[in-house]
Amino acid sequence: MNWRLSDILVLSLALVVGGNAAIAQGHQSLVVARADPARSSYVWSLPKGFPKPRVFKKNRLSEAKVELGRHLFYDLRMSINQTVACASCHQPARAFSDGRATAIGATGEVHPRNSMSLTNVVYNATFNWANPILTKLHVQALVPIFGEFPVELGWSDHEMEILDRFRHDALYQKLFAAAYPGATDPFNVARVAKAIAAFESTLISGNSPFDQATFQGNREAMSEAARRGQELFFSERMECFHCHGGFNFSQSVNHSGTTLPQAEFHNNGLYNIGGKGDYPLDNRGLWEFTQQSTDMGRFRAPTLRNIELTAPYMHDGSIATLEEVIEHYARGGRLIREGPLAGDGALNPFKSELMPARFSLTDQEKQDVIEFLKSLTDWQFLCDPRFSDPSGNFAQHARCYQ
Ligand code: HEC
Ligand code: HEC
């Protein structure tokens, strides 16, 4: 496999960082009393119908670690120039996405891809749009922290400077000590990444009208239109469920009890440059890791939960609305008539066999499918105070304050 340079960088850092942390943890277990809250196992309160998340052995959850992670996630001091936090690109008001087509890092560099929603990330088999080797949240966090192509938070060569901001802050001294009891100097990048990953793991959404109707016996929670849309979504005519199926509306899941994690990637016919199946140079999906032609344009099918709030859509934000998403699938792929990206995505030779053949919907049916997708919006999740910014810089959705 040929890996992207930035991924090799991040992975080798992960090895170094993971190694140190393992040594530090071994030391900790000698000094920490068993009843310590930071060591006790985290108690999940899961929505009905949801499996138990897997346990990352190198990052056991505790309330204290989650709380530290929550503070760090929203803290602008996490970026080199103190302008951007994880939450800048993963805003709570937008189900932890950012509303841009493609992301912009702390120093203004443009990311080739769209910021992903963090809804139910703990269940993903792999992370990022098309990265088969990122399978742990605390390793994923090192990508925005250290990434240089493009710079997101900009920690490379500034690690000590950034850690010192927290080391000299009275609140963080308490938070780190509680999250990592017994460590003589708890401030290191592995622990930052692990605390943030712990917080992200708790971002679980499973109380949308769809869930209330499906798992909680309250059929009326969904409108008539949404129920009609549900039939269509799960029909052989539209075929959406083949790739966006299961409790998380994504086939690519991994959780406690999964024997074979499904790390799936599909080409859904967005491009077909020059009729040869090509995707734009900076966004070729799985191909960037394998260089196999059949992997051209293959990306992970993301969850559709809270999709109403995460426009624009697709790995490069190239589809603006849900209506256009449905038109894209109805055509069996996207036609770009002119310009450097011209080509008919419906004829892409690497398009997934699971993609629907052309289908047509009446206006009413199209609206019904959109109503169904909107029934996946979970206001309890979006307004949950446990997921909010402790310092109040990043607001939750306006609806949460009404
Ligand atoms: C500059 C904007 C930006 C910042 C800052 C940022 N992210 Fe992201 N995030 C993205 C983009 C873009 C992607 C998709 C990356 C890709 O596919 O290559 C992403 C993907 C992710 C994913 C993968 C989600 C999934 O479903 O696979 C996670 C998790 C994540 N980010 C967490 C974080 C954390 C934690 C931080 C802070 C340490 C952070 N991000 C900072 C833009 C950002
Ligand atoms: C062959 C598998 C497959 C099928 C079938 C499929 N999708 Fe997708 N879907 C994907 C993949 C892969 C992506 C991401 C593609 C990309 O960004 O290049 C995606 C992206 C999306 C997105 C955007 C998600 C986001 O966060 O930006 C929506 C919305 C969506 N699909 C809805 C649907 C609907 C509705 C149907 C049924 C008409 C459907 N999909 C059928 C694989 C599939």
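The values are calculated or read from the model by the stated rules, or taken from the named source; none is laboratory data. As the structure is a computational prediction, the values presented were derived from the model and not from experiment. Glycine gets a Cβ as well: all are built from the backbone with ideal geometry, and neighbour counts include every protein chain shown. The accessibility values were calculated without ligands, DNA or RNA, using every heavy atom of the protein model including side chains. Shrake-Rupley method; radii C 1.70, N 1.55, O 1.52, S 1.80 Å.
Quick check for you: which residues of the stretch 213-248 have the amide N under 20 Å from the point 7 Å beyond the Cα of THR362 toward its beta carbon?
223-239
Do you know the Lys pair count in the chain for C-alpha distances under 28 Å, with sequence separation 8 or more or different chains?
27
Placing one identical point scatterer on every Cα of the chain and ignoring solvent, what is log10 I(q)/I(0) from the Debye formula at q = 0.06, 0.10, 0.13 Å⁻¹?
Computed log10 I(q)/I(0) values: -0.24, -0.68, -1.15.
Please give me the summed charge of the neighbours of PRO53: other residues whose Cβ is under 14 Å from its Cβ, Lys and Arg +1, Asp and Glu -1.
Net charge in that neighbourhood comes out at +4.
Once R0 is set to 35 Å, what does the formula 1/(1 + (r/R0)^6) return for the Cβ-Cβ distance between PHE241 and GLU109, expressed as a FRET efficiency to the nearest 0.05?
Numbers: r = 37 Å, r/R0 = 1.07.
With R0 = 35 Å, the Cβ-Cβ based efficiency is 0.40.
If each of ARG100 and ARG165 carries a label point 7 Å out from its Cα toward its Cβ, how far apart are those two points in nm?
Going from the ARG100 label point to the ARG165 one covers 1.7 nm.
Treating only the Cβ atoms of Lys and Arg (+1) and Asp and Glu (-1) as charged, compute the dipole magnitude of the stretch 321-374 about its Cα centre; round to the nearest 20 debye.
On the way: 7 positive and 10 negative charges, 46 e Å.
Computed about the Cα centre, the dipole is about 220 debye.
May I ask you to derive the relative contact order of the stretch 209-378, considering only C-alpha pairs under 8 Å and at least 6 residues apart, and to give it as an integer percent?
32 percent
Show me the three semi-axes of the equivalent ellipsoid for the stretch 209-378, from the C-alpha gyration tensor (sqrt of 5 times each eigenvalue), largest first, rounded to whole Å.
That gives 29, 20, 13 Å for the three semi-axes.
Using Cβ-Cβ distances only, list the Cys residues of the chain with no partner cysteine under 4.7 Å, sorted by number.
CYS86, CYS89, CYS240, CYS243
Just how large is the dipole of the chain about the Cα centre, in debye to the nearest 20, putting +1 at every Lys and Arg Cβ and -1 at every Asp and Glu Cβ?
Here the chain has a charge dipole of around 1060 debye.
Normalising by the residue count of the stretch 269-363, find the relative contact order in percent from Cα pairs under 8 Å and 6+ residues apart.
Taking the mean separation of contacting Cα pairs over the length of the stretch 269-363, I get 37 percent.
Give the angle, between 0 and 90 degrees and rounded to the nearest 10, that separates the Cα long axis of helix 63-73 from the longest principal axis of the Cα atoms of the chain.
Taking the Cα atoms of the chain, the angle to 63-73 is about 70 degrees.
Applying 1/(1 + (r/R0)^6) with R0 = 41 Å to the Cβ-Cβ distance of LEU76 and GLU324, what FRET efficiency is obtained, to the nearest 0.05?
0.75
Could you pull out the longest piece of the chain with no exposed loop GluC sites (Glu not before Pro) in it, calling a site exposed if DSSP puts it outside H, G, I, E, B and it has at most 15 other Cβ atoms within 10 Å?
Longest site-free region, per DSSP loop and neighbour criteria: 110-235.
So how many Å³ per residue does the convex hull of the Cα atoms of the stretch 173-285 work out to?
225 Å³
Using a ≥ b ≥ c from the Cα gyration tensor of the stretch 135-181 (square roots of the eigenvalues), is it rounded, prolate or oblate, where a/c under 1.5 gives rounded and otherwise the larger of a/b and b/c decides, a/b for prolate?
Taking the square roots of the gyration eigenvalues as a ≥ b ≥ c, the stretch 135-181 is oblate.
Mind checking the full-extension length gain between THR83 and ALA342? Use 0.36 nm per residue of separation minus the Cα-Cα distance, one decimal, nm.
Gain on stretching THR83 to ALA342: 89.5 nm.
Just going by the charge dipole of the stretch 144-194, with Lys and Arg at +1 and Asp and Glu at -1 on Cβ, which of ILE145, ILE162, PRO181 is farthest out on the positive end?
My answer, from the dipole projection, is PRO181.
Just to confirm the number: angle between the C-alpha axis of helix 363-374 and the first principal axis of the chain, 0 to 90 degrees, nearest 10?
10 degrees
Round to a whole number: what % of the accessible area of the stretch 209-378 belongs to carbon and sulfur, probe 1.4 Å? Intermediate values should be presented prior to the final figure.
Details: 3970 of 7590 Å².
That share works out to 52 percent.
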